[in-house]
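Please read the structure below before turning to the comments.
The values are calculated or read from the model by the stated rules, or taken from the named source; none is laboratory data. Worth saying up front: this structure is predicted, and the values here are computed from it rather than measured. A quick note on method: Cβ atoms are made from the backbone with ideal geometry, for glycine too, and the neighbour counts reach across all protein chains shown. Just the protein is used for accessible areas: all its heavy atoms, side chains included, with ligands, DNA and RNA removed. Shrake-Rupley method; radii C 1.70, N 1.55, O 1.52, S 1.80 Å.
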Amino acid sequence: PEPEPQVETAIDAGVLKRIGEAHANLPGGVTPHKRVAQLLERRAKMAVEGDIDWGFGEIIAFGSLLAQGVTVRLSGQDSKRGTFVQRHAAVVDAVTGRDYFPISQVADQSARLFVYDSLLSEFAAMGFEYGYSVENPDALVMWEAQFGDFANGAQSIVDEFVSSGEVKWGQRSAVTLLLPHSHEGQGPDHTSGRLERYLQLCAEDNMRVAVPTTPANHFHLLRRQALSPKKKPLVVFTPKSLLRHRLCVSSVEEFTTGTFQPVIPDAGISDNVGVKRVLFCSGKVFYDLVQARADRGITDTAIVRIEQLYPLPVDEVRAAIASYPNADDFAWIQEEPANQGAWTFIALNLLEHLEGVRLRRISRPSAAAPAVGSTKMHDAEQAALIEAALPRP
């Protein structure tokens, strides 16, 4: 693949503070619901003190781009509020019912903000946003599914345009798809964004596929997407339960320094020499693994997150492996069944670059549906998955 251009994605602490203050200092006449008012105050506090959650991390990405003069456009079936009541890009006036967008306060005059709750036609909405992104390549243009599988209704747009428009017609697009994805016991139709389908379409450097696990990495990813001169579609598999997970927060410094990390090494290991087993994963399962490792007192297992699945960050994966000189057990762990998720892509495309490394799979068994329909059965499967990855000493 063509090298990823280096772009500045970190922002000044003053910009972050302004975005926070925009949530606390609403214009006169705007009356938010009292619970929303509390959330707005928390955002102003986060912008200075840290512990920034997913919803606000994303809003900081939008606001900072607007401040730089970059147009931001988002549509989806509940995009203003967020399907999981996490975004609140718009504050609904409790008296008049009108929408107010706090981050519009920080926007440069040359930038515009569009956030729409779109109709229940994924084909039409995604198709429109793809076209908009072609015509306005300098904007951050996003379409969001309420649940990842909602994109199924727009599969022909993905196949005909998003994945192959450039190679067929030289049509450049940087459209971004946000697809909530992960196993939480909510049944098959509220579980999977069909990660495997998008990875199967990846070739010839045609798009980016990422599964960020921290608010800051999601922030840097979106800013890179908007600011990079390399225009490619981006598919982001976003979380659900992590939106309010106590460990899924980022510090102010993670927004004011650094950039997107395609691979996140394990910061919880103090003795790399003592590591015998390395688990590679993407997404929410990382937090389940970290919790189980702590509960069981396991110190010889590292957990490495692959945040970008395509293009594969081969050099970063090699560096992660090299940092554990005595490791001899390497595994890919995923929540999805064996025939779904990233495993088949990883096995076909990553292993050939890892000389001398055998990578085993830890997953649910192959299945026709993405998940079971019983919460009790889900919990039993998840416990077995974690036990296979981190056997009790």
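Brief remarks on what is shown
- Taking the DSSP beta bridges with both ends in the chain, the antiparallel portion is around 15 percent.
- The mean accessible area for residues of the chain, using a 1.4 Å probe and ignoring ligands and nucleic acids, is 42 Å² per residue.
- Multiplying each eigenvalue of the alpha-carbon gyration tensor of the chain by 5 and taking the square root yields semi-axes of 33, 24, 21 Å, largest first, rounded to whole angstroms.
- Contact order normalised by residue count of segment 157-225, Cα under 8 Å, 6+ apart, percent: 27 percent
- Projecting the Cα atoms of F260, F330, V317 onto the charge dipole of segment 224-349, computed from C-beta unit charges around the Cα centre, puts F260 farthest toward the positive end.
- Pair-distance distribution P(r) for segment 94-230, from all Cα-Cα distances in 5 Å bins starting at 0: 2, 8, 16, 21, 21, 16, 9, 5, 1, 0, 0 percent.
- Share of pairwise Cα separations in segment 230-332, more than 16 Å, in percent: 63 percent
- Atom-type composition of the exposed protein surface of the chain places 51 percent of the accessible area on carbon and sulfur (1.4 angstrom probe).
- For the peptides 170-178, 232-240, 249-257, the ranking by packing is 232-240, 170-178, 249-257, with the highest mean count of neighbouring Cβ atoms within 10 Å listed first.
- Pairs with C-alpha atoms separated by more than 20 Å, drawn from the list K34/K240; K168/K231; K168/K230; K240/K284; K17/K45; K168/K232, are K34/K240.
- Convex hull per residue volume in Å³, alpha carbons only, for segment 16-135: 111 Å³
- The ratio of the alpha-carbon radius of gyration of segment 259-393 to the globular-protein estimate 2.2 N^0.38 Å is 1.03.
- Among the chymotrypsin sites (Phe, Trp or Tyr not before Pro) within segment 140-185, not one is in coil by DSSP while having at most 16 neighbouring Cβ atoms inside 10 Å.
- With a Förster radius of 30 Å applied to the beta-carbon distance between A294 and D189, the computed FRET efficiency rounds to 0.35.
- For D315 and T257, a Förster radius of 22 Å and the Cβ-Cβ distance give a FRET efficiency of 0.55, rounded to the nearest 0.05.
- Relative contact order of the chain, defined on C-alpha pairs under 8 angstrom at six or more residues apart (%): 17 percent
- Reducing segment 192-255 and segment 53-111 to their Cα centroids gives an inter-centroid distance of 18 Å.
- Mean separation of Cα contacts under 8 Å, 6 or more apart, over the residue count of segment 59-162: relative contact order %: 34 percent
- Extension gain, F123-K34: 0.36 nm per intervening residue step, less the Cα-Cα distance, totals 28.4 nm.
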